[in-house]
1. Would you check if there is a residue in region 352-362 being of a type in the set (S, T, N, Q), more than 16 Å from the ligand (Cβ to nearest atom) and assigned by TED's automatic domain parsing to the domain that holds Val415?
2. In region 51-71, which residues are farther than 17 Å from Trp287 by Cβ and touching a Leu at 6+ places or on another chain (Cβ under 8 Å)?
3. Given the conditions (1) at pLDDT 95 or above; (2) surrounded by fewer than 20 Cβ atoms within 10 Å (Cβ to Cβ), and given that Val438 satisfies all but one, which numbered condition is not satisfied?
4. If Ala104 satisfies all but one of (1) within 20 Å of Ser197 (Cβ to Cβ); (2) more than 30 Å from the chain's Cα centre (by Cα), what's the number of the condition it fails?
5. Does Leu454 satisfy the condition of being away from the ligand (no atom under 16 Å from the Cβ), under 14 Å from Ile364 (Cα atoms) and assigned by TED's automatic domain parsing to the domain that holds Ala329?
6. Taking the residues in region 387-405 that are within 16 Å of the ligand (Cβ to nearest atom) and open to solvent by 50 Å² or more (accessible area, probe 1.4 Å) as candidates, determine which candidate is modelled with the lowest pLDDT.
7. In region 66-83, what residues are touching a residue at least 24 places away in the same chain (Cβ under 8 Å), of a type outside the set (D, E, K, R) and open to solvent by less than 20 Å² (accessible area, probe 1.4 Å)?
8. Tally time: how many residues in region 139-164 are in a loop (DSSP other than H, G, I, E, B) and surrounded by fewer than 14 Cβ atoms within 10 Å (Cβ to Cβ)?
Amino acid sequence: MRYLRHTFAVIVLAAIAPVAISRPVFSDAVVESATQMMQAARADNHGYELLQSLTTEIGPRLAGTPAEARARQWAVAKLQASGFANVRIDEFQVPLWLRGEERAEILSPFPQSLTIATLGGSVSTGVQGVTGEVVSFDSLAALSAAPAGSLQSRIVFVDEPMARSRDGSGYAAAVAKRRMTAYLAAEKGASAALIRSVGTSSHRFAHTGQMRAVVEEGAAGIPTAALTAPDADQLQRALAYGEPVTMKIVMTPELLPPATSGNVIAEIVGREAPDEIVVVSAHLDSWDQGTGAVDDGAGVAIVIAAARALMGGMEKPPRRTVRIVLFGAEEVGLVGARHYAQTYASTLEQHIVATESDFGAGDIWRFDTRFGQDKIHLGRAIAQVLEPLGIAPGNNQAYGGPDMKYLREAGVPVVTLMQDGSDYFDLHHTPNDTLDKVPPGALDQNVAAHVAYLYLVANSRLYFR
Ligand SMILES: [Zn+2]
């Protein structure tokens with residue numbers, strides 16, 4: 001009997017297995033609808049109009065400032081005007097760090113000014129500034145190896161370059177020096193520190209960015225700033241003469257009591273499975289010097305325009321809920337991302353898949369997933385639909401975007417619509433991150449890819465865990 005049942009099962013499996021394997025993930029009709037939405041999105045300029053509106057009407061929007069609050073109101077107005085449901089702001093508190101005066105000069109042997117940007121979270125030198133002899137290290141590891149107390153009253157200079165790449169992979173390595181120099185140099189007794197900007201440009205704009213997050217309590221570190229690449233070159237040439245190089249640095253940032261930030265949320269409520277959530281996101285805050293056009297105004301514009309195009313392109317809402325999340329306070333340490341994961345902790349099991357657009361305005365060229373091992377083929381099927389946009393299937397180690405950290409760690413499947421970031425780190429966190437760097441029409445391919453992707457995952461019964 002047992003044998004017979006087993007045989008029967010084998011026969012049934014043998015009969016249905018080939019059908020199950022050959023059936024495409026998406027029907028011809030679904031692919032056709034996705035393709036039409038992609039084509040419509042390519043002909044629509046709404047994404048660029050949003051980006052122009054945000055960067056012009058709000059401008060820089062540092063976490064916790066009144067400008068970031070105005071950006072939330074801007075987003076609420078745009079989302080409501082587009083007809084999204086459940087538009088709301090989830091508020092939270094964030095440490096408020098404000099840039100002050102910042103200048104640096106070589107006092108001897110070759111007196112001249114150098115261009116710097118104070119790193120986010122840095123302490124002040126006081127208005128008198130700090131004067132000391134410069135000691136150069138060619139890497140963070142070399143600084144780390146210096147004996148404790150060996151840099152008493154010195155100004156540390158970490159001169160580690162960053163490699164340019166399409167996928168931005170040089171950043172992860174280079175950013176460690178921005179995060180850690182202030183603290184390592186403090187341990188060695190130094191009085192201030194400089195790093196070569198974390199960036200790939202040769203222009204004379206320094207790249208700011210957060211040091212180890214303000215929210216991570218601990219030692220305050222020492223005053224630390226980034227030098228522009230040409231100024232780092234200049235300082236290195238001065239050091240090469242072999243004589244002591246003395247500098248004076250003045251930085252007067254302030255750390256104020258916590259202020260209000262918030263995540264802006266809007267939804268297209270699913271028609272059949274409203275509790276199943278598809279998150280598409282970007283971050284609303286920016287650094288304080290540019291207008292945050294590529295970081296991350298472009299992402300904000302892409303995801304709003306794509307979700308709007310999805311609503312416009314379907315006769316009825318998708319099966320599942322599409323939730324737009326515009327995170328606050330990303331730059332200062334993923335504060336909004338953490339608040340979101342805490343606030344929605346009890347529903348993360350129903351988060352079907354999530355992504356963030358936070359890599360500028362370059363075309364998407366690869367579709368990465370982080371799906372269950374037996375769901376990888378679903379990612380390939382999505383990539384195949386996106387193929388007419390020049391998008392190839394990628395790996396299954398998707399990062400999903402910075403604000404996806406806590407969702408990813410909670411096991412929510414994430415995807416990365418990987419943009420061409422070859423030029424991204426020329427502008428990133430500089431005063432030069434402005435709207436003119438995004439050509440009109442540059443966002444269309446991104447919007448097209450996102451609308452098709454959203455349609456495929458939000459209107460399906462597929463699960464990716
Ligand atoms: Zn960003």
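The values are calculated or read from the model by the stated rules, or taken from the named source; none is laboratory data. Note that the structure is a prediction, hence the values are computed from the model and not measured. Cβ atoms come from the backbone with ideal geometry, glycine included; neighbour counts cover every protein chain shown. The accessibility values were calculated without ligands, DNA or RNA, using every heavy atom of the protein model including side chains. Shrake-Rupley method; radii C 1.70, N 1.55, O 1.52, S 1.80 Å.
1. No, region 352-362 has no match at all.
2. Gln52, Thr56
3. Val438 satisfies every listed condition except (2).
4. (2)
5. Criteria not met by Leu454.
6. Going through the qualifying residues, I end up with Tyr399.
7. Hits for region 66-83 are Ala71, Ala75, Leu79.
8. Of the residues in that region, 7 qualify.
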